[in-house]
Amino acid sequence: MQQVESYVCGDWARPGSGARLIYNAVTGAAMAHAGNDGLDWGGMLDWARDTGGPALRAMTFHQRAAMLKALALHLNANKQALYDISFATGATQSDHLIDVDGGIGTLFVYASKGRREMPDAHILVDGDIEQFGKSGAFLGQHVHTSKQGVAVHVNAFNFPVWGMLEKLAPALLAGVPSIVKPATATCYVTEACVRLMLGAGVLPPGALQLVTGGIGDMLDRLGAQDAVTFTGSADTALRLRSNPNLLANSVHFTAEQDSLNASILGPDAEPDSPEFDLFIKEIAREMTVKAGQKCTAVRRIIAPQTRVEAVIEALSARLARTVVGDPQAEGVRMGALVSNDQKADVLAKAAIIGAEAERVWGDPDTFTPQGPEGGAFVPPMLFHCADPDRAERVHDTEAFGPVSTVMGYRDLAHAADLANRGGGSLVASVMTHDPKVARELVLASAAHHGRLYINDRTGAPESTGHGSPMPHMTHGGPGRAGGGEELGGIRGVKHYMQRTALQGSPDMLTAITGAYVPGATVAEPDTHPFTRRYGDLAIGMSILTRAREITLEDIEHFATFTGDSFYAHMDPDAAARNPFFEGRVAHGYLLLSFAAGLFVEPAEGPVLANTGLENLRFTQPVYPGDSLRVRLTVKQKTPRAKDHGEVRWRAEMLNQRDETVGVYDLLTMVAR
Ligand code: NAP
C-alpha cells in the first residue's frame with residue numbers, strides 16, 4: 001500500500017490519523033493511503049509567508065520566469081514517471097498528454113510570457129499615466145505588487161498535474177508561495193509531480209508545499225493577503241467560500257466549478273458539411289476524453305430541430321467505435337472513471353437526466369468493458385431530450401462522466417436561450433461557417449459563458465479543441481461555473497497581486513516604477529546615449545537634438561520619393577478645406593524620418609537594431625517653415641539575452657514653440 005506523503009515546512013510527512021484510502025480506478029483495489037489530521041497547519045502557513053514569500057518577492061519577474069522554465073524543462077525530461085502512475089487514475093495515454101504535457105506546456109507559456117511581456121522588475125505597471133492638473137506635476141499610475149501571503153490551491157481529481165501547474169505558474173510568477181491540496185482520489189500523481197519539481201532544485205524554500213488528504217483548519221487561519229483558488233464541484237465551492245473566516249477577512253476566493261457546457265450546430269451546417277463533421281468529432285472527443293471527467297466537456301448538444309436525428313445517428317456511430325476498458329490495453333480509447341464512488345455518482349446523475357430525456361446510446365447494464373471486473377467503467381451515454389423548454393434537470397445536472405444530451409432548437413434565439421439555461425458555463429462552442437450566425441449567437445450568449453469557441457472549415461486545421469483551456473486565454477465562467485477567472489496570460493498573474501492606485505509627482509512615480517514618467521527630471525550625459533552600452537544607460541538619461549526646419553521642398557521630395565502624395569501634403573486648397581489643417585502639412589512619416597536623422601549617432605556602436613515604434617501619436621500639424629527637434633529619453637530597460645537588452649526610449653517631437661507635435665516609444669536593442 002503506497003503512503004502518499006505531504007510536503008510540510010521542508011519535510012515529507014507520512015499519512016497519519018484520519019488517513020483516507022485511495023483505490024485503483026482500473027482494478028477497484030485499494031492502493032494507497034493519504035492524509036494526516038495532525039499536520040502543522042499554522043507552521044505551513046508561516047513557512048510560506050515568512051520564508052517562501054520573501055524569497056520569491058526578492059526575485060524579479062524575469063528571474064521567476066526563468067525558474068518556471070527550469071521547472072518545465074525538468075518535468076519534461078522526467079514525465080514518463082508521471083505517465084506510468086497516471087494509468088491507475090483510469091486515464092489513457094492520450095489523457096496523460098492533456099494532463100501532464102498540458103501542465104508542462106502551461107509552465108512554458110508562463111515562462112515565456114513572463115520574460116517577454118513583463119519587466120525585469122518587482123512592480124508591474126498597469127495602464128497609462130493619468131494627469132490631474134494642467135502642468136502634469138501630480139500624476140496617477142496603477143501598479144501591481146505581489147501579495148504578501150500564501151495561495152492555497154484546492155484542486156479537483158480529474159487533472160492532478162495540469163490542475164496544479166495552471167495555478168502554480170501564475171502564482172509563482174506573481175511572487176506568491178503556494179500550498180497545493182489535490183483531490184485525494186488522484187493525489188499520488190500530484191505528489192510525484194511535486195517531488196520532481198523539488199528535485200529540480202530551483203524553487204526557494206517555502207515556495208511550494210503539498211497537503212494530501214484534508215486541510216485541517218487551514219482556511220480558518222487565512223488572512224487578507226492570502227488567496228484560495230478552488231476547483232471542484234459547485235457544492236464544495238459553496239461550502240468553502242462561505243467559511244466565516246474567509247468572509248470576515250475578505251480573503252480572495254476564486255472558484256472554478258462544474259458547468260453545463262453546450263455545443264451548438266449552426267443552421268447552415270448540413271449533414272454533409274465540414275462543420276457537421278467537426279461537430280460530431282468534437283462532441284465524441286469531449287464525451288470520451290478522460291471518460292468525460294472534464295469540467296469543459298460538452299454536456300448539452302444543441303442542434304437544429306430538423307437535424308436532431310442525423311446528429312444522434314452520427315454520434316452513435318462514432319461512440320460505437322469507442323473501446324472502453326483498461327487504459328493500458330491495446331485499442332482502448334476510453335479508460336475508467338476515477339473510482340467506483342464516481343461511477344455510482346455518474347449513474348445516479350444519468351438517471352436524473354434520464355427522467356427528462358431518453359437514453360439513445362450506451363447502456364451501463366449491458367455493456368462489457370475490456371478491463372478488470374472491479375474497474376470503474378461506464379459506456380458513453382447519449383440522451384435525447386425532446387422537450388428542452390420544459391426540462392430542467394438536463395440543464396442543471398452535471399453527470400461528471402461520458403454523458404451528454406441532444407436537444408433541438410427552432411431558431412438561433414432559441415439555441416442561445418437553451419445554451420444560457422446552464423446558468424453560466426465555462427465554454428460553449430458553435431460550429432458554423434456563417435459569420436452572421438456566429439455574431440448573433442455571440443450577442444445573445446457571450447454574457448453567459450467564459451469562453452466561446454467558434455469552429456469551421458477555415459479554423460479547424462489549427463483549432464485547439466472545445467474542451468482545452470489555453471493558458472493565453474481566460475478560463476472560468478459566470479454563475480454556475482463559479483464566477484472565477486484563471487489563466488489568460490499575464491491577467492492570471494495579476495490575480496495574485498494587489499492593484500494599487502499610486503499618486504505622486506513624475507519623479508516619485510519614475511523612482512518607484514523604474515519606468516520614466518513624462519515630466520520627471522532628466523539627466524543629459526556629455527556623451528550621446530547611443531554610444532553607451534546597455535548597462536551604462538540609466539532611466540531618465542536624455543538628449544535634446546538640434547532643430548531642423550521643414551521646407552515645402554522637403555514635403556514634395558518626400559511625396560515623390562515615397563509615392564505618398566495624399567492631398568493634405570500636396571494640394572493647398574484641399575488641405576485648407578480639411579478641418580484639421582490650415583494648409584499643406586508635413587507627412588507624419590517625414591517627421592519620424594527627420595527625427596531619426598536628428599537623434600541617431602551614425603558611427604558603429606552598442607545600438608544594434610531599431611525593433612519598432614509603439615504608442616505613436618501625431619498631436620499637432622507641422623507646416624512648411626516650422627522646425628523640429630527631438631527629446632529622446634531612456635524610458636525602460638529590459639534584458640532580452642546575454643549579449644543585449646531592449647531599451648525603450650520616449651521620443652517627443654517638438655516644434656519651434658516647444659509644443660509637442662508627436663510622441664512615441666522607440667525600441668532598440670543595445671549591446672550589454
Ligand atoms: P469536489 O468533490 O468538489 O472536490 C474538489 C476539491 O475540494 C478536492 O480537492 C476535495 O478534496 C476538496 N474538498 C472537498 N471538501 C473539502 C473541505 N471541506 N475542505 C477542504 N477541501 C475540500 O470535486 P471533485 O470531485 O474533485 O472534482 C469534480 C468536479 O470538479 C466536477 O464537478 C467538475 O466539473 C469540477 N471541475 C471544475 C473545473 C474548472 O476548471 N471549472 C476543473 C476540473 C473539475 P478531497 O478529494 O480530499 O475531498
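Each value in this text was obtained by applying a stated rule to the coordinates, not by laboratory testing. Because the structure is a prediction, the values reported are computed rather than measured. Using ideal geometry, Cβ is built from the backbone for each residue, glycine included, and neighbour counts are taken over all protein chains shown.
Observations on the structure shown:
- Cα-based shape type of segment 23-81, given that a ≥ b ≥ c are square roots of the gyration tensor eigenvalues and the cut on a/c is 1.5: oblate
- Separation of segment 144-173 and segment 463-508, taken as the distance between their Cα centroids, equals 13 angstrom.
- Scoring 340-346, 449-455, 371-377, 360-366 by mean Cβ neighbours within 10 Å over their residues and listing the highest first yields 449-455, 371-377, 340-346, 360-366.
- Kirkwood hydrodynamic radius of segment 16-161, Cα pairs, Å: 19.2 Å
- Among ALA603, ALA55, MET218 - extreme Cα towards positive end, dipole of the chain, charges at beta-carbon: ALA55
- Taking the longest Cα principal axis of the chain as reference, the axis of helix 435-445 is set at about 70 degrees.
- A simple spin-label model places pseudo-atoms 7 Å from Cα toward Cβ; at LEU616 and GLU524 they are separated by 2.7 nm.
- Prolate/oblate/rounded call for segment 251-350, Cα gyration tensor, a/c under 1.5 rounded: oblate
- Local electrostatic count, GLY476, Cβ distance below 10 Å [Lys/Arg +1, Asp/Glu -1]: -2
- Rg/Rg_globular for segment 522-671, with Rg_globular taken as 2.2 N^0.38 Å and Rg from C-alpha atoms: 1.14
- Net charge over other residues, Cβ less than 13 angstrom from the Cβ of ARG221 (K, R count +1; D, E count -1): -4
- Unit charges on C-beta of K, R, D, E only; dipole of the chain, Debye: 1240 debye
- Dipole of segment 262-472 [Lys/Arg +1, Asp/Glu -1 at C-beta], most positive-end residue of ALA351, SER273, PRO435: PRO435
- Ellipticity at 222 nm from helices only: DSSP H runs of n ≥ 4 in the chain, each -39500 (n - 2.57), divided by the residue count, give -9000 deg cm²/dmol.
- Interatomic Cα distance distribution for segment 84-176, bins of 10 angstrom, percent: 14, 31, 25, 16, 8, 4, 1
- Excluding same-chain neighbours fewer than eight residues apart, the lysines reachable from LYS294 by a Cα-Cα span under 22 Å are LYS79, LYS167, LYS181, LYS281, LYS343, LYS349.
- Sequentially through segment 417-431, phi angles give Karplus couplings (6.51, -1.76, 1.60; θ = phi - 60°) of 4, 5, 4, 6, 5, x, x, x, 10, 6, 7, 10, 10, 10, 9 Hz, Gly and Pro residues having no value and appearing as x.
- Cα gyration tensor shape of segment 487-558, rounded if a/c is under 1.5, else prolate or oblate by comparing a/b with b/c: prolate
- The value given for the chain is a Kirkwood hydrodynamic radius of 28.2 Å, derived from the mean inverse Cα-Cα separation.
- Residues SER250, SER404, SER263, SER627 arranged by fewest to most Cβ contacts within 10 Å: SER250, SER627, SER263, SER404
- For LEU97, net neighbour charge (Lys/Arg +1, Asp/Glu -1) across residues whose Cβ lies under 12 Å away: -1
- Of all DSSP beta bridges in the chain, antiparallel share, percent nearest 5: 60 percent
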